[in-house]
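Here, each number is a calculation from the coordinates, and none is a lab measurement. From a predicted model like this one, the values you see are computed outputs, not experimental measurements. As a convention, Cβ positions derive from the backbone with ideal geometry for all residues, glycine included, and neighbour counts pool all protein chains shown.
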Amino acid sequence: MSDIRLLAPAPGWAIDADVVVVGSGVAGLTTALRCAAGGARVTVVTKARLDDGSTRWAQGGIAAALGDGDTPAQHLDDTLVAGAGVCDESAVRLLVTEGPDAVRRLIASGARFDTSESNGEILLTREGGHHRSRIVHAGGDATGAEVSRALVEAVRTAGIETVENALVLDLLTDRGGRTAGVTLHVMGEGRRDGVGAVRAPAVVLATGGMGQVFSATTNPAVSTGDGVALALRAGAEVSDLEFVQFHPTVLWLGPQAEGQQPLVSEAVRGEGAHLVDADGVRFMLGQHELAELAPRDIVAKAITRRMQEHGTDHMYLDARHFGAEMWARRFPTILAACRANGIDPVSEPIPVAPAAHYASGGVRTDLRGRTTVPGLYACGEVACTGVHGANRLASNSLLEGLVFAERIADDVLTRERPAPGAPVLPGPSRAPLLEHGARYEIQRVMTAGAGVLRSAESLAGAAAALERVHTRAVEDLARDEKTAEPCVETWEATNLSLVARVLVAAAARREETRGCHWREDHPERDDAAWARHLVVTLAPDGTPAVRTTPSTDFPPVETPEHSA
C-alpha cells in the first residue's frame, strides 16, 4: 500500500461484502439496487444520512428524449455542442440512447414525476443548451428530492446494508494491487464507531462533487472531493478536473456569504425568466441564439462580464411576469428559499451570481465505469465518463448517474475476475494532515485564483498559496513529528488540498478558453493544440503529474482483469 494516504488509526472493526458503494445519491443507490437485485451482497457507505447527498438538491430535472418529435440523436447533438469539442462521443451516444429506458425504470421503481392534469402524460420543460423540451421534473423544482426519496425507500425495502455518517478514507488493495475494500470512519454511537473497514472485491465511488473547494457553491457541506482524493492516492487517473461548471444563477446573499448557496434553477429561465442588469437591460440578447438559455458557461461568462462592466457583484433574474400562482405551483422550493432570505420573486427581481456547481471532470472511467485500478469503479459526479466534456449540459447529470450505475452493476455481476487476496492493512503514513482552518484558506485561494475567471498569473498565485499550506504541514511533521489530529475536519481539509492542487495544475496547463474553463490570457478556443484531455496522477512524492491525451482516446487502457 502507498504511503500517499490519510493518516488514520488502524481499522478496529470490519465487515464483508461483494461490493461496497460509497455514496447515496442517484448513482450510488441505483448501483446498489441493481447489484442487490442480481444477488450480490451490497454495503452502502454514506457520509451523512442516506438522503443527504447532492441528488436531493437537484432542482431542474432529468434530461431524456421522451417527448414527441425528440430523438436521442438530437439530445446527442445538444450534449456535444455544450461539451465544446472534448466529449467522448461514444459515451454520449450511450447516455442518450440508454437514457429514456433508464428513466422509465426509475419511474417503475417508484419515482413520481409531474404529469399533465389533462392527459396524465409526463410534463417536459426546457433548460439551457437544449433545443427541445426534454426535462422531466418532480414537485415543480424538487426533482432531486423525489428521486432521492424513491431510491432511499427502495434501498430500505430491499434490506440493503447501509453505514451512515461514515467518511471513506482510503482504498484497500491486496498484494497484487487489486481492490479489496475501503477504510472508513463512522461518526456517531454504536458498534461501528471510529475507523473500520469494509472488505470487498469491488468498490464503487459515488461520492459526488467537490464544490466545497470554493467559497461559494451550490454543493452541500459534505462535497469535499473525498472520492477524487481517494482515487488519486490509490493510483487512479483523473481527467478534465479543470472543467468546473459555475452555475450562472445562484441566489446572491451578499459579499460575505460562504458555503452552500441556494440555487435558482435553470428551469426558471426555461419557463421564460430574463437576466437583467440593475437598469433592467436584458444583456443576454445578442450574446447567443438561445439568449438566457445558452449553455451555462456562456451565461456565467456573460454575467461575470456584465458585473465587471458595472462594478457590481451580482445581476438579476426577473420572473415577476410569472405571477404568484405560477411561482407557487412550478417553483415552490425556490420561492421559499428566496422569501427566507428576504426576497419576493413575485414582486422583485432575484439577485444572482455564478457559484461553483458541478465538476465535469473526475475519476477517469471507461464505458462500464471501470477506473484504471482493478476492481475500482466510479459513477456520477465523482467520475469522468467523457459524457460532459468541457461543460455539462443541463440535467444530464442525474441521467448519467442512472445509466452508468446500471452499466457498473452489470459489469460487477457478470464479469469474472480473480478473487482478491487478503487486504494489505495500512502501516504508518508519512503524509501530514491539515488543520481544519486550512479548509477556509483553500476556499479563498481557489475562489480568487481558479474561479470563473482564470489567468496564468491568478493560477500561479493559487498554486503558490496552496503549496504554502501543504508545505507548512509537511515541515511541521518533519521538524517536530507533529500533524493535525486525525478527525473528519482534518481529513476533509486534506482532501480539499489535494483536489485543489490537482485542479490548479490542470487549469494552468490548459492554455485556452473552452467550455467552463475561461482563461483571460488565452481567450480563444484552440482546437489545434487543446482538443484533448488532461489526465492527472500522483507522482510517488504526492505531486500532480499531468499528461495530455487526444479527445478520441478517452477510455483508459484496460487492465488484464478488465479486458474482455
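Descriptive notes on the structure:
- Normalised by the number of residues in the chain, the mean separation of alpha-carbon contacts (under 8 Å, six or more apart) gives a relative contact order of 22 percent.
- Put in line by how crowded their Cβ is, counting other Cβ atoms within 10 Å and starting with the fewest, Met284, Met326 read Met326, Met284.
- Relative contact order of region 251-354, pairs being alpha-carbon contacts under 8 Å that are 6 or more residues apart, as %: 32 percent
- Each of Arg501, Arg93 was scored by other Cβ atoms within 10 Å of its Cβ. Listed from fewest to most, they are Arg93, Arg501.
- Degrees separating the helix 72-82 axis from the principal Cα axis of the chain, which is the longest one: 90 degrees
- Charge dipole (Cα centre; +1 on Lys/Arg Cβ, -1 on Asp/Glu Cβ; no other charges) of the chain amounts to roughly 720 debye.
- Residues Tyr440, Tyr358, Tyr316, ranked from the fewest to the most other C-beta atoms within 10 Å, line up as Tyr440, Tyr316, Tyr358.
- Set of region 339-361 residues, backbone N closer than 12 Å to the point 7 Å along the Cα-Cβ line of Val546: none
- Relative to the longest principal axis of the Cα atoms of the chain, the long axis of helix 89-108 lies at roughly 80 degrees.
- Note on region 251-354: percent of Cα-Cα distances in each 5 Å bin, starting at 0 and stopping at the bin with the largest distance, equals 2, 13, 24, 26, 20, 12, 3, 0.
- Per DSSP, loop trypsin sites (Lys or Arg not before Pro) in region 94-162 with at most 13 further Cβ within 10 Å: Arg112
- Rounded Å value of the spacing that divides the Cα centres of region 431-508 and region 7-54: 28 Å
- Spin-label pair Thr471-His436: with each label point 7 Å from Cα along the Cα-Cβ axis, the two points sit 2.8 nm from one another.
- Here region 448-526 is treated as an ellipsoid with the same Cα gyration tensor; its semi-axes, largest first and in whole Å, are 31, 13, 8.
- Charge sum, other residues only, whose C-beta stays under 13 Å from Gly227's C-beta, Lys/Arg counted +1 and Asp/Glu -1: -1
- Debye log10 I(q)/I(0) for the chain, one point scatterer per Cα, at q = 0.07, 0.08, 0.11, 0.12 Å⁻¹: -0.36, -0.48, -0.95, -1.14
- Seen from Arg472, the other residues with C-beta closer than 13 Å to its C-beta sum to a net charge of -3, counting Lys and Arg as +1 and Asp and Glu as -1.
- Cβ-based net charge around Val168, under 13 Å, with every Lys or Arg adding one and every Asp or Glu removing one: -1
- Helix 26-37 and the longest principal axis of the C-alpha atoms of the chain enclose an angle of approximately 60°.
- Placing +1 on each Lys and Arg Cβ and -1 on each Asp and Glu Cβ, with no other charges, gives region 438-529 a dipole about its Cα centre of roughly 80 debye.
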